[in-house]
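Here's the structure we're looking at; comments come further down.
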Amino acid sequence: MKKTIRDIDVAGKTVLVRVDFNVPLKDGKVADDTRIKEAVPTLAYLLGKGAKLVVMSHLGRPEGVDSKYSMKPVAKRLRELMNVNVVLANDVAGPDSVEKLKRLKSGILMLENLRFEAGEEACDEEFVSRLASLGDIYVNDAFGTAHRKHASTYGIASKLPNAIGLLMQNEVESINRALIHADRPFTAILGGAKVSDKLKMIYSLLDRVDNILIGGAMAYTFLKAQGYSVGISKIEPDMVTDASNILSRAHDMGVKIYLPCDHIIADSVTDPKKILHDKCTNIPDNMMGMDIGSRTIRQFRRVIKSSGTILWNGPMGIFETPSFAKGTKSICKAISKSHAYSIVGGGDSAAAVVKFGYAKGISHISTGGGASLKMFEGKELPAVSVIEDL
Ligand code: ADP
Ligand code: MG
């Protein structure tokens with residue numbers, strides 16, 4: 001068990017809090033403030049216990065100082081959401097940060113974009129020390145970057161007493177509940193664009209789950225490995241051997257893998273002239289698999305209904321296009337109706353659940369794409385492992 005902010009005394013202290021405020025901007029304003037809202041409980045808790053806060057995050061991928069990536073709109077939104085004093089420094093732990101922190105009586109000092117400093121991603125010792133000198137205690141609540149060994153997520157933890165925040169605690173505990181303490185049967189539903197992105201995750205899940213349902217573009221590489229014709233579906237030729245290995249390993253381990261047995265097919269993604277329900281597993285030449293078909297949906301639904309734990313990563317089809325969204329939508333619905341403990345991870349899968357209105361029926365929707373994938377791979381997150389144990 002890692003120390004959380006509930007285990008430490010912060011009264012009268014300055015707490016450095018790493019948050020994930022990497023939000024989308026539009027016309028100089030925050031276009032989606034979900035990530036800012038999600039950090040509020042931790043910040044409000046610490047302020048309520050009498051701490052002064054130095055809040056830090058990266059935003060986008062600037063190459064050095066670039067006003068387009070300033071934290072200014074984020075500081076403004078945080079001020080509106082929390083209704084507390086939020087002061088923005090003009091630098092990242094430089095003279096302006098030091099000066100403004102000295103003058104801060106209460107509330108929050110927000111540092112400029114961490115990635116304005118090359119030392120952040122390099123986890124540079126000098127930059128780590130400069131950051132650490134601003135506070136008495138370090139708290140990490142940035143789950144979205146917890147798989148990275150950067151100065152603000154990793155290096156700094158060895159310099160100060162530390163703990164994880166409430167968002168990080170919720171993410172790690174929720175995902176571990178599925179991975180380590182799963183109610184059986186444990187079903188993984190995998191899909192999305194590529195097998196190669198998710199190969200390590202699939203191998204690791206084979207050790208943990210009872211069933212794997214495969215849809216999305218990923219399914220066609222597996223069907224190809226089984227000798228079916230896949231037309232011009234998006235497959236990864238380099239991954240066909242791996243797909244074969246996964247299928248035979250699953251067979252040896254008694255893990256059941258379900259692949260699509262029918263499809264929604266079309267002649268083009270961008271400008272489809274023909275969209276058909278293909279009732280057999282083989283896909284004709286010059287046609288692409290775009291979504292799972294109705295027979296596959298029914299089969300997947302039956303497995304979902306009888307599961308005790310469900311982990312879902314990767315859409316079942318090109319759900320962004322309404323003609324190819326039914327598979328993903330039906331799976332969202334089936335998971336939300338099931339009594340299983342359910343986890344959804346991955347940027348596009350989480351977006352699909354929200355878009356189709358099924359978020360309420362999911363036990364936990366992970367906010368971090370890369371970090372949740374690392375956990376599904378069975379790996380410890382560096383930014384969490386470096387935090388003190390209770
Ligand atoms: P996540 O972000 O949830 O991990 P991915 O990024 O791996 O998911 O995959 C999502 C993408 O996969 C979506 O943009 C979707 O359009 C695409 N996709 C799903 N099914 C297919 C398919 N049959 N052919 C091509 N692309 C697909
Ligand atoms: Mg994605």
* Structure fact -> Put His147, His58 in order of accessible area, largest first, probe 1.4 Å, and you get His147, His58
* So, in nm, how far is label Lys379 from label Lys68 when the simple model puts each one 7 Å beyond its Cα toward the Cβ? -> 3.0 nm
* Asked: Please state the relative contact order of region 5-166 as a whole percent: Cα pairs under 8 Å, 6+ residues apart?
  -> 28 percent
* **Förster-model FRET efficiency, 25 Å R0, Ser363 and Ser158, C-beta, rounded to 0.05** => 0.15
* To do: Subtracting the Cα-Cα distance from 0.36 nm times the residue separation, let me have the gained length for Val354 to Glu125 in nm, one decimal.
  => 78.4 nm
* Subtracting the Cα-Cα distance from 0.36 nm times the residue separation, let me have the gained length for Ser306 to Asp197 in nm, one decimal. => 36.4 nm
* Keeping all protein chains in place, calculate the accessible area per residue for the chain (probe 1.4 angstrom), answer in Å². => 43 Å²
* Asked: What number comes out for the charge environment of Gly357, summing +1 per Lys or Arg and -1 per Asp or Glu over other residues with Cβ under 12 Å away?
  -> +4
* **Length gained when the stretch Asn83-Ser248 is fully extended (0.36 nm per residue, less Cα-Cα span)** => 53.7 nm
* **For the chain, calculated [θ]222 nm from helices alone, where every DSSP H run of n ≥ 4 adds -39500 (n - 2.57)** => -10500 deg cm²/dmol
* Asked: Where the centroid of each part is defined by its Cα atoms, how far is region 296-338 from region 60-85 in Å?
  -> 37 Å
* Structure fact -> Over the chain, the quotient of the Cα radius of gyration and 2.2 N^0.38 Å is 1.09
* Give the calculated FRET efficiency between Arg6 and Ser204 to the nearest 0.05, with a Förster radius of 35 Å applied to their Cβ-Cβ distance. => 0.70
* In percent, what relative contact order does region 174-376 have, based on Cα pairs under 8 Å that are 6 or more apart in sequence? -> 23 percent
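My understanding is that a pair violates if its Cα-Cα distance is over 28 Å; which of Lys3/Lys329; Lys256/Lys374; Lys13/Lys76; Lys3/Lys333 do that in this structure?
Cα-Cα > 28 Å for Lys3/Lys329; Lys3/Lys333; rest within.
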* Structure fact -> Using a 1.4 Å probe on heavy atoms of the protein chains only, the accessible area for Cys280 in Å², nearest 10, reads 70 Å²
* Structure fact -> Of the convex hull enclosing the alpha-carbon atoms of region 5-166, the direction-averaged projected area in nm² is 8.2 nm²
* Just read off the accessible area of Ser229 with the full protein assembly in place, 1.4 Å probe, to the nearest 10 Å². => 50 Å²
* **Accessible surface of the chain, 1.4 Å probe, proportion on carbon and sulfur as whole %** => 49 percent
* To do: Evaluate the distance, in nm, between pseudo-label points positioned 7 Å from the Cα of Asp32 and of Asn286 along their respective Cα→Cβ axes.
  => 3.8 nm
* To do: Calculate the length of the line joining the C-alpha centroid of region 89-113 to that of region 189-204, in whole Å.
  => 42 Å
* Would you tally the net charge around Asp141, using a Cβ to Cβ cut-off of less than 11 Å, leaving Asp141 out, and scoring K and R as +1, D and E as -1? => -1
* Label-point gap, in nm, between Asp389 and Asp183 - each point 7 angstrom along Cα→Cβ -> 3.0 nm
* Asked: With every protein chain kept in the model, how would you rank Lys76, Lys102 by accessible area, 1.4 Å probe, largest at the top?
  -> Lys102, Lys76
* If we count every other residue with Cβ under 14 angstrom of Phe127's Cβ, Lys/Arg +1 and Asp/Glu -1, where does the sum land? -> -3
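The values are calculated or read from the model by the stated rules, or taken from the named source; none is laboratory data. In this text the structure is predicted, and so the values were computed from the model without any measurement. Ideal geometry is used to build each Cβ from the backbone, glycine not excepted, and the neighbour counts take in all protein chains shown. What goes into the accessible areas is simple: the full protein's heavy atoms, side chains included, and nothing from ligands, DNA or RNA. Shrake-Rupley method; radii C 1.70, N 1.55, O 1.52, S 1.80 Å.
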